[in-house]
Amino acid sequence: MTASLCFLWAMLQAAAFSTTPPPSDAPPPPSPMGAVTRLHFAMGQGVSIATAEAEGEEPPSEKWALRLRPMAQLRNVTSFAGATTNALSVGAVRLLLEGRAFDKRLVFSVLMGLSTDEVDGGSGLLDAWLSWKFGRDATLRVGQQRVIYDMISAVVRSGYLGITRERFASEFGMSRDVGAALYSEDFLGMGGLLAYRVGVYGGQGRNRAEAKRFGLLYMARLTLRPFGYFEDTVEGDVERLERVRLAVGLSGAYQNHVARTGGQSGEGFDSFAFPAMHVYYANADIMLKWRGLYVAGQYTRRASTKAFVENGSQRIWGRSGEGYVVKAAYMLTSWLEGAGRWGGQFGARRTEPGLAAFPKHEFAVGLNAYCIGHALKVQAEYAARFSEAKVLYEHWLRLQMQVVF
């Protein structure tokens, strides 16, 4: 059934979007402004329009470009915690608009999340940033953006191995924020062997403008790829390349005068009414891809400088703790992948009681059917959470179809 669906989609794509290319000696039609206009569509990459100077440039420099790419996820979740329940929903609907303006080094991006689970701070705005590439070793990005602090936050949502992110990543990871980042994916020109990213952010997450005591989030990340650059923003190894691809990442962050219990996440509070509390972060991760095999692991720790702060009888707890995940996948055929993961999160000895009591371990195993790579895939996953004593707390069966146009 799944193979038939994949074949049908591939045939429809070829019929609807393939055109006979013009002869190689036939010049593209000029636009009214004297530039060449190119229109391109590819499944998973969206529709793009680009203009290039028509006179004498080989290859022509596309200074103006615009790309529109929608994504949708249809999800069904059956929960077996207590009474069996079922929910059919649209897990995510996203609309990406990005492009270049005036110069190919100037890039802008606006990403909207249209489903209810992506509305935060009263808005579905996910990304709104502008970047300028100074050269191979430095690109500056300013605006609301992903804080790429660890391996999990670097992976785009459409490239997840499982249907959802690991639970500990929602607690100890970092979400989008407003700020500035300086980075390079090929520092010193060694074929992508070394990458870095440093950033300064507001520290309250996305779409939040509450006044607070002055404090910022400072982040730095270093990635080593011993065998050269590869796409480490997508999980799994659908391409099944012969070349070994390995990435090892180390990162750290510091946030002063936090106004949310978990630093960048958690419940907000009036930072002016309580003594100052600061937060430290540390992370290490690794990713390996080889001939259809994917193995990855990550450890993250967050520590508040105080277990809690008080104002009279009111107490605000920090959320100190640690989390980890180990996951693996293998392409059983050219389109079918088996995947699984084991992870957990643990509160510190003195931390917010709810975090300390939260189920500790998480397990998931599933199958992914790739019709057109991650652009069109069907996923089935069984997941469960356990207490520290390995007692089953709740478990689910999830099904999802993802389409990225």
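The values are calculated or read from the model by the stated rules, or taken from the named source; none is laboratory data. The structure presented is a predicted model; accordingly, all values stated were derived computationally and were not measured. Cβ sites come from the backbone with ideal geometry, for glycine too, and all protein chains shown count toward neighbours.
Counting residues in segment 97-105 that are in contact with a helix residue (DSSP H, G or I) (Cβ under 9 Å, 6 or more places away or on another chain) and modelled with pLDDT of 95 or more gives zero.
The residues of segment 131-165 that are within 26 Å of Y330 (Cα to Cα) and over 12 Å from the mean Cα position of the chain (by Cα), listed by number, are G162, I163.
When S123 is tested against (1) in contact with a Pro (Cβ under 7 Å, 6 or more places away or on another chain); (2) at pLDDT below 85; (3) under 23 Å from V404 (Cβ atoms), only condition (1) is not met.
Residues are listed down the side, and each one gets a yes or a no for (1) crowded, with 19+ Cβ neighbours inside 10 Å; (2) touching a helix residue (DSSP H, G or I) at 6+ places or on another chain (Cβ under 8 Å); (3) not charged (D, E, K, R):
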position: I148; (1), (2), (3): yes, yes, yes
position: S158; (1), (2), (3): yes, no, yes
position: I163; (1), (2), (3): yes, no, yes
position: R206; (1), (2), (3): yes, no, no
position: L217; (1), (2), (3): yes, no, yes
position: P226; (1), (2), (3): no, no, yes
position: E242; (1), (2), (3): no, no, no
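Scan segment 178-198 and give yes if some residue there is touching an Asp or Glu at 6+ places or on another chain (Cβ under 7 Å), farther than 22 Å from D120 by Cα and part of a strand (DSSP E or B), otherwise no. For segment 178-198, residues touching an Asp or Glu at 6+ places or on another chain (Cβ under 7 Å), farther than 22 Å from D120 by Cα and part of a strand (DSSP E or B): present. Determine if segment 17-39 includes at least one residue that is assigned to a strand (DSSP E or B), surrounded by 12 or more Cβ atoms within 10 Å (Cβ to Cβ) and at pLDDT 90 or above. The answer is no, given that none of the residues of segment 17-39 is assigned to a strand (DSSP E or B), surrounded by 12 or more Cβ atoms within 10 Å (Cβ to Cβ) and at pLDDT 90 or above.
Would you call A138 surrounded by fewer than 21 Cβ atoms within 10 Å (Cβ to Cβ), of a type in the set (G, A, S), at pLDDT 95 or above and at negative phi? Yes; evaluated as a whole, the condition is true for this residue.
Determine whether segment 180-200 contains at least one residue that is farther than 30 Å from D103 by Cβ, touching a strand residue (DSSP E or B) at 6+ places or on another chain (Cβ under 6 Å) and not aromatic (F, W, Y). No, segment 180-200 contains no residue that is farther than 30 Å from D103 by Cβ, touching a strand residue (DSSP E or B) at 6+ places or on another chain (Cβ under 6 Å) and not aromatic (F, W, Y). Being basic (K, R), closer than 30 Å to F274 by Cα and surrounded by fewer than 16 Cβ atoms within 10 Å (Cβ to Cβ), is that true of even one residue in segment 378-392? No: zero hits.
Restricting attention to segment 356-365, does a residue exist that is surrounded by 16 or more Cβ atoms within 10 Å (Cβ to Cβ), β-branched (V, I, T) and either in a strand (DSSP E or B) or without any contact (Cβ under 8 Å) to a residue 40 or more places away in the chain (or both)? Within segment 356-365, none of the residues are surrounded by 16 or more Cβ atoms within 10 Å (Cβ to Cβ), β-branched (V, I, T) and either in a strand (DSSP E or B) or without any contact (Cβ under 8 Å) to a residue 40 or more places away in the chain (or both). Considered as a group, the residues in segment 199-243 that are of a type in the set (S, T, N, Q) and touching an Asp or Glu at 6+ places or on another chain (Cβ under 8 Å) include one that is nearest to G338 (Cα to Cα), and that residue is T223.
Just the residues that are assigned to a strand (DSSP E or B) and over 22 Å from R291 (Cβ atoms), please, taken from segment 329-355. Those that are assigned to a strand (DSSP E or B) and over 22 Å from R291 (Cβ atoms): W342, G343, G344, Q345, F346, G347. Considering segment 332-351, and only residues there that are at pLDDT 95 or above and aliphatic (A, V, I, L, M), the residue that is surrounded by the fewest Cβ atoms within 10 Å (Cβ to Cβ) turns out to be L332.
Among the residues making up segment 366-395, those that are more than 17 Å from S79 (Cα to Cα), touching a Lys or Arg at 6+ places or on another chain (Cβ under 7 Å) and not in a loop (DSSP other than H, G, I, E, B) are N368, A369, Y370.
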